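Each value in this text was obtained by applying a stated rule to the coordinates, not by laboratory testing. It should be emphasised that the depicted structure is a prediction, and the values quoted were computed from it without experimental measurement. Note that we place each Cβ from the backbone using ideal geometry, even for glycine, and neighbour counts take in every protein chain shown.
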Amino acid sequence: MEISTVGVVGAGQMGNGIAHVLALAGYEVLLTDISQEALDGALARIGKNLDRQVARDKVSAADRDVTMGRIKTTLSLTDLGETDLVIESATERETVKQAIFEDLLPHLKPHTILTSNTSSISITRLASRTDRPEKFMGFHFMNPVPVMQLVELIRGIATDEATYQACLGVVERLGKTAASAEDFPAFIVNRILMPMINEAVYTLYEGVGNVNSIDQAMKLGTNHPMGPLELADFIGLDTCLAIMNVLHDGLADTKYRPCPLLTKYVEAGWLGRKTQRGFYDYRGEVPVPTR
């Protein structure tokens, strides 16, 4: 099927990035959130990120203006019912996502494809609560969306081939690369990445190394661009913990047990960059390790 209009649910860090790349690729985008402040902030961030691309000669000034013109916002979730494809990018809580799809269902066109940007929640389970499990799949972008080249496409047990091909076509039009994953906890990227981050936290917890030595060891010893604790702060420690819990609960294997120190940081509200404190303290000019 031909997709020309895309609805994006959630104007946060992921949602505004998704709206940005879709509009830049020529799609008409309708972005929704529960507050006008969030929508205004998303448009401002998209404008700033496009300006950065113009400054680097990645995008022309004319394309920037056309791209911004393709993004419309609404506070009414049901307005997205008229789009060809919906990408849900709300909070990583299953009950929230289910409620969004439940509210959308009566307003959707028969051909509308539903997708979720979830990083770990079962696509099959989300799809089963809708009237179109065959037209439902996971559409998992990496953060930051305008920069990262990968999109995970996750088939639920009922996802049909036409839906997969339509979503694959969107990924290719965005100039990104798709990795196809089956619907098992945390899919591919986070199934591998989060246990590595969790093990780095255990290494800190057990006193094998401090924050600096762990991150330096992985950056210089394995050529990673960011150390695992720095990366955890960038992702959000609450998100890391949530994904580890999905892995632990879904696979029932003790190797996925979240490190108690990760839980402690989340309980303290030290969630990383977004709260100014995590494994590093970001309140000064230079990030300072907290351990």
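Could you please report the charge total around Val208, scoring K, R as +1 and D, E as -1 over all other residues with beta-carbon less than 15 angstrom from its beta-carbon?
That sum, taken over residues with Cβ under 15 Å, equals -2.
Give the long-range amide H neighbours of Thr118: residues separated by 5 or more places, or on another chain, with amide H under 5 Å away, using H modelled in the peptide plane at 1.01 Å from N.
Phe139
Using Cα pairs under 8 angstrom and six or more residues apart, how large is the relative contact order of the chain, in percent?
Reported relative contact order: 13 percent.
In the chain, what percentage of the DSSP-assigned beta bridges are antiparallel, given to the nearest 5?
Of those bridges, close to 25 percent are antiparallel.
Output ³J(HN,Hα) for the stretch 236-250: one whole-Hz value per residue in order, computed from phi by the Karplus curve 6.51 cos²θ - 1.76 cosθ + 1.60 with θ = phi - 60°, and x for Gly and Pro.
So the J values, rounded to whole Hz, are x, 5, 5, 5, 4, 5, 4, 5, 4, 5, 4, 5, 5, 6, x.
In whole percent, what relative contact order does the stretch 206-291 give with Cα contacts below 8 Å and a gap of six or more residues?
26
For the chain, with the dipole built from +1 on Lys and Arg beta-carbon atoms and -1 on Asp and Glu ones, taken about the Cα centre, which of Ser213, Asn49, Pro225 lies farthest toward the positive end?
Checked the options; the winner is Ser213.
Amide H of Gly278: which non-local residues (sequence gap of 5 or more, or other chain) have their own amide H closer than 5 Å, using H built in the peptide plane?
For Gly278, whose amide H was placed from the backbone, the distant partners under 5 Å are Gly272.
Can you list which of the trypsin sites (Lys or Arg not before Pro) found in the stretch 29-74 are DSSP loop residues with at most 13 other C-beta atoms within 10 Å?
When the trypsin sites (Lys or Arg not before Pro) of the stretch 29-74 are filtered for loop state and at most 13 Cβ neighbours within 10 Å, Arg56, Lys58 remain.
Applying the Karplus parametrisation 6.51 cos²θ - 1.76 cosθ + 1.60 with θ = phi - 60° to the phi angles of the stretch 215-225, what ³J(HN,Hα) value in whole Hz is obtained for each residue in order, glycine and proline being reported as x?
Result, ordered by residue: 5, 5, 4, 6, 5, 8, x, 10, 6, 7, x Hz.
Please give the FRET efficiency for Asp40 paired with Glu182, using the beta carbon to beta carbon distance and R0 = 45 Å, rounded to the nearest 0.05.
Given R0 = 45 Å and the Cβ-Cβ separation, E is 0.70.
Where in the stretch 202-280 are there GluC sites (Glu not before Pro) that are in a DSSP coil and have at most 13 other Cβ atoms within 10 angstrom of their Cβ?
Here the GluC sites (Glu not before Pro) that fit, given the DSSP loop and packing criteria, are Glu206.
Applying the Karplus parametrisation 6.51 cos²θ - 1.76 cosθ + 1.60 with θ = phi - 60° to the phi angles of the stretch 190-203, what ³J(HN,Hα) value in whole Hz is obtained for each residue in order, glycine and proline being reported as x?
6, 4, 9, 6, 5, x, 5, 5, 4, 5, 5, 5, 4, 4
With charges set only on the Cβ (+1 for Lys and Arg, -1 for Asp and Glu), what does the dipole of the stretch 5-182 come to about its Cα centre, in debye to the nearest 20?
My answer is approximately 380 debye.
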